[in-house]
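The values are calculated or read from the model by the stated rules, or taken from the named source; none is laboratory data. Everything quoted here is computed from the prediction, not taken from an experiment. Virtual Cβ from ideal backbone geometry, glycine too; neighbours counted across all protein chains shown. Remember, those area values only see protein heavy atoms, side chains included, never the ligands or the DNA or RNA. Shrake-Rupley method; radii C 1.70, N 1.55, O 1.52, S 1.80 Å.
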Amino acid sequence: MIDQYKLVAVDMDGTFLNDQKDYDQQCFRNLYQKMQERGIQFVVASGNQYYQLQTFFSDFPEIIYVADNGAYIRDVKKEYFGSYFKQEQANEILKRLNVYPHLFDELVVSGFKDAYVLNSSSNEFIRSARYYNRHLQKVHSFSNIFEEITKYSFNYSVSDPTDFMKHLQAQLSGLGEITTSGHGNFDIIQPGVHKASGLKKLGQLLNIPLRQMCAFGDGLNDLEMLEAVGDGVAMANAAPEVKKIAQHETGNNNEQGVLQYLDRMLKNI
C-alpha cells in the first residue's frame, strides 16, 4: 500500500513519458496534489541531464531530481549531492572507448553544468543530444573539457548488445560500469553510483529509508533501483530482466501505467 511509502521515484523515457515524450498533465497534477497532502515526495530518477528533466515539471518546484543515473541530485533551488570521475579515470575511459570505430561520433560526455559533443558529430546527432542535454557544448576534442565528468552516454549499433556490454565492461573494470536503457544507447557510470545509490543518498538526507520508497522503471539501468526499494514496479513494456525482479507490474508507458498505479493506490488510502 502506498500509504506506507514516503517517496515515489519514476524513470522518464519508456516509463513516465509516452512515446511522444509527454504525459497526462492534468491527471498528474491531481495525483501530485494528493501525494503532497500525504507527505509523499515525488522524485524523478533518470539517466538524463537535470536541465532537461526539469523542463517537464516547471509547475512543480518541490520535485527532486536524481539525474545522470544517480550522480547528481538536486531540485530547482538546492543541490543535494554530486559525484564525478577522478580525472585519471575519465582520461582512461576515453582512451579505451576510442578504440571502437566511430564511437566518438555519437558520444556525449556529461558534467554537472554542461554536456559535451564533438564539433565533428553529425547535425542530426547534435540535435538529438541537445534534446536530452539542454546545456550542451560542442568541443574540438574531449580533452578540452574542464569540468568534472559525471557519466558518458553513446549510441552504438551492435548485433549483440549483451555481448558488447560484457566485452566493454571487462575493458572498463575498476574504471566505470556500463548500463543501458535500451534502443542502442549505452551509459558508462561511476562504479557504485546508480539510481539506487542516489535514492539511498537522498533518503538519508530526507530521513526516508529505501523500504518506504516506491519506484517505476523499464530499462536495465532501473534494475538496482527497483530491487532496492520497498515496491519496485515494472512497466508492461519493460525489459524481461526488469519484470523478473520487480514486485509489481503496471500498464505500459503509452497507457500512463505509472499514473494508473498511483491512482489505484491513492484511492485505497
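Listing for the model above:
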read-out	value
Meets criteria (open to solvent by 20 Å² or more (accessible area, probe 1.4 Å), more than 20 Å from Tyr32 (Cα to Cα) and either in a helix (DSSP H, G or I) or touching a residue at least 60 places away in the same chain (Cβ under 8 Å) (or both)) for Glu249	no
Residue list for the range 4-49, filter: at pLDDT 95 or above, over 24 Å from Phe154 (Cβ atoms) and among the hydroxyl-bearing types (Ser, Thr, Tyr)	Tyr23, Tyr32
Matching residues in the range 252-266 - criterion: being more than 20 Å from Gln41 (Cβ to Cβ), in a helix (DSSP H, G or I) and of a type outside the set (Asp, Glu)	Asn253, Asn254, Gly257, Gln260
Evaluation of Ala90 against (1) open to solvent by less than 20 Å² (accessible area, probe 1.4 Å); (2) of a type in the set (A, V, I, L, M, F, W, C); (3) not in a helix (DSSP H, G or I) (one fails), failing number	(3)
Lone unmet requirement of (1) touching a residue at least 60 places away in the same chain (Cβ under 8 Å); (2) in contact with a strand residue (DSSP E or B) (Cβ under 9 Å, 6 or more places away or on another chain); (3) open to solvent by less than 50 Å² (accessible area, probe 1.4 Å) for Tyr23	(2)
Subset of the range 161-184 that is open to solvent by 60 Å² or more (accessible area, probe 1.4 Å) and among the small types (Gly, Ala, Ser) - its residue that is modelled with the highest pLDDT	Ala170
Matching option when the condition is open to solvent by 10 Å² or more (accessible area, probe 1.4 Å), of a type in the set (Phe, Trp, Tyr) and part of a loop (DSSP other than H, G, I, E, B), among Phe60, Phe81, Phe104, Phe125	Phe60
